[in-house]
Amino acid sequence: MKKKIAIYFSDEEKYGYPFWEERYLDPYKDIIKRIEEKDIEVYIVRWNSYIWKWRFNKAYRFNDLWELDEYNEINVDLIFNRDDKNTIPYITDCKVLNHPEFDQICLDKIKTFNKFPDLSPKTAYIHSFKDYIKNVKKFNFSENDMVVLKKNFESSWRGIFIWKISEITEDIYKSWENILFQEYIDTSVWIKWIVKWMHDIRVTVVNGKIISSNIRQPKKWSFLANFSAWWSWFSIEVDDIPKDLIEKVTEIEANFKEYYPMVFSADFMNSKDWFKLVELNSRPWVQHISKVKKYYIYNNALADLLIETVKKI
């Protein structure tokens, strides 16, 4: 019997995210083709369709015309988690890539900080404006110091403020629950042979091997260098990643070997105190092949990991 992989997305629409955009659909086509060439069936599953013990009550599969055929119920051998809204249930009765515990460490930013406090900016977990005031005093910040406030479980640009202490008032959030309060990292420290001015650097790892890296930069009037904000980016060769950054990525990866097989990315900022870990992402995004040919390396590594994993089940 053929092995079956289910790729899980949180959008409940048949052709919903990420298939409504060509830049995402195309690389998924390449990944799925590579997997199915190995006599493995790949299904798309969405939102709350998981029942129990490897079963989904609804699934879709691409046909030869790259249209999605619907199936009422399927049993799968492996779930590949691509959930972008954190709706996937905590599945313990079926193999999931990435492991739910590892996924939670990446999703919950305070867990990431607690795991790697020496690699991270100064961070406090606050739940009220009073907590914010207390931590301003605790860290000995002055009114002109920049700080970062972000919602713990949000991604992209949502809920992030990078302001001076003097500019922050209680009404910037409707609720101050689950807020990360962090020191501001001045990323205008350059990596001489790679980038000038403000930036962050992402390193992507597939089962212990560094596969790709890219630099992201905000516009000159913004501090946000993420996919949903105004930014620019370019990829760099793995051989060009600074040695001390590779050492930090290796240190992080060594803490997670119990969760193999896995894929993750680590975002860093360079500062006068060397590289600081910003966050871990257990669901690195795929990229349109025509933009960066190097992404064949990552997409193929991802497909090969799924093939290797499901064949061992």
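The values are calculated or read from the model by the stated rules, or taken from the named source; none is laboratory data. If you're wondering where the values come from, they're calculated on a predicted model, not measured in any experiment. Every residue, glycine among them, receives a Cβ derived from its backbone with ideal geometry; neighbour counts consider all protein chains shown.
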Checklist outcome for this item: Note on the stretch 93-131: residues more than 23 Å from Thr169 (Cβ to Cβ) and assigned to a loop (DSSP other than H, G, I, E, B) are Asp93, Cys94, Lys95, Asn98, His99, Asp108, Phe116, Ser120
Checklist entry - Taking the stretch 56-85 on its own, how many of its residues are within 26 Å of Val263 (Cβ to Cβ) and in a strand (DSSP E or B)? => result 12
Checklist entry - Within the stretch 35-61, restricting attention to residues that are out of contact with any Asp or Glu (no Cβ under 8 Å at 6 or more places or on another chain) and of a type outside the set (A, V, I, L, M), which residue is farthest from Leu306 (Cα to Cα)? => result Ser49
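So if I check each of Leu65, Leu78, which one is under 20 Å from Lys2 (Cβ atoms) and at pLDDT 95 or above?
On the way: Leu65 fails: under 20 Å from Lys2 (Cβ atoms).
Of Leu65, Leu78, the one residue that is under 20 Å from Lys2 (Cβ atoms) and at pLDDT 95 or above is Leu78.
Quick check on Lys109: is it touching a residue at least 12 places away in the same chain (Cβ under 8 Å) and either β-branched (Val, Ile, Thr) or crowded, with 17+ Cβ neighbours inside 10 Å (or both)? Steps first, answer last, please.
Details: touching a residue at least 12 places away in the same chain (Cβ under 8 Å): yes; either β-branched (Val, Ile, Thr) or crowded, with 17+ Cβ neighbours inside 10 Å (or both): yes.
The answer is yes for Lys109.
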Checklist outcome for this item: Scanning the stretch 113-131 for residues that are surrounded by 14 or more Cβ atoms within 10 Å (Cβ to Cβ) and of a type in the set (Lys, Arg), the one modelled with the highest pLDDT turns out to be Lys115
Next on the checklist: Condition (residue is more than 30 Å from Glu41 (Cβ to Cβ) and surrounded by 16 or more Cβ atoms within 10 Å (Cβ to Cβ)) applied to the stretch 98-105: is it met by at least one residue?
Outcome noted: yes
Next on the checklist: On the basis of being under 27 Å from Asp244 (Cα atoms) and among the basic types (Lys, Arg), does Lys134 make the cut?
Outcome noted: no
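Would you check if Ile110 is among the aliphatic types (A, V, I, L, M) and modelled with pLDDT of 90 or more?
Considered against the rule, which asks whether it is among the aliphatic types (A, V, I, L, M) and modelled with pLDDT of 90 or more, Ile110 comes out as yes.
Let's see how each residue does on (1) of a type in the set (Gly, Ala, Ser); (2) under 29 Å from Ser282 (Cα atoms); (3) modelled with pLDDT of 95 or more; (4) not in a helix (DSSP H, G or I):
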| position | (1), (2), (3), (4) |
| --- | --- |
| Ile133 | no, no, yes, no |
| Asn144 | no, no, no, yes |
| Val148 | no, yes, no, yes |
| Glu154 | no, yes, no, yes |
| Trp157 | no, yes, no, yes |
| Trp163 | no, yes, no, yes |
| Gln182 | no, yes, no, yes |
Checklist outcome for this item: Log entry, pairs with first residue in the stretch 301-313 being part of a helix (DSSP H, G or I), second being surrounded by fewer than 16 Cβ atoms within 10 Å (Cβ to Cβ), beta carbons closer than 6 Å, six or more apart or on different chains, reads Ile307/Lys38
